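All remarks here apply to the structure that follows.
Each reported figure results from applying straightforward, stated rules to the coordinates on display, with no laboratory input. Just so it is clear, the model here is predicted, and its values are computed rather than measured. Backbone-built Cβ (ideal geometry, glycine too); neighbour counts: all protein chains shown.
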Amino acid sequence: MTAPVLTLRLTTPRLVLDVPTDDDIPDVLEACQDVETQRWVPLPSPYTRESAEFFVRSYCPHGLASRRYTVWALHARGGGRLLGALEVRKDERAGSASLGCWSGPWARGQGYMREALGAVARYALNPDGLGFDRLNWEYVPGNESSRRLAEAAGFGFGDGMRTVVSLHGETREARVGRLGRDDVRG
């Protein structure tokens, strides 16, 4: 069986999702220095320009080359600054992947990430897309915006599944939601 061809560019009514570019580096830097982003996303601290350059020039291309993960940059269809980033990463379990994201503070509360998450989830679960059977979403209790975002896309947290994650050198319990092909909303 051949690995599915990765579609790097996805579109929604308001967004273009594509690979991050050097033009995104200043916005990656600003978003990843944001207090709320730093609070909930396992990022280097302090987050420097070199960190942003590494993310765009090394981390994202490596994911595509290794076929282990894909990172999309979110932009408005009309252009403008980076709104956020969304990643799909293969899990150890065959047919399963996990998603993660962050939004720039200037883009929060406008539904951009919800729209992007719906598009990426549909593509990731489509047999003609990435072909996963199941997607997972982890959030640390207290990050209710992450839970609400996942639930809006159809992720269910009802089975009480939990895991342990490392966040800024601290071991934290995280809740795990699942999404199957027939569950995608948004």
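The figures follow:
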item	result
Magnitude of the charge dipole, segment 10-134, Cβ model with Lys/Arg +1 and Asp/Glu -1, debye to 20	360 debye
Distance in nm between pseudo-label sites at VAL140 and ARG172 (7 Å out along the Cβ direction from Cα)	0.2 nm
Per-residue [θ]222 nm for the chain (sum of -39500 (n - 2.57) over DSSP H runs n ≥ 4, rounded to 500)	-8000 deg cm²/dmol
Signed unit charges on C-beta, dipole axis of segment 10-134, positive-most listed residue GLY78, GLY100, CYS32	GLY100
Candidates per trypsin sites (Lys or Arg not before Pro) in segment 109-186, loop by DSSP, up to 15 other Cβ within 10 Å	ARG185
Nearest-0.05 FRET efficiency for THR11 and HIS62, computed from C-beta distance (R0 25 Å)	0.50
More than 23 Å apart - percent of Cα-Cα pairs taken over segment 10-134	29 percent
Segment 132-186 versus segment 28-105: alpha-carbon centroid distance in Å	17 Å
Approximate spin-label separation GLN110-ARG148, in nm, with each point projected 7 Å along Cα-to-Cβ	1.8 nm
Inter-site label distance for ASP133 and GLU92 at 7 Å from Cα along Cβ, in nm	1.8 nm
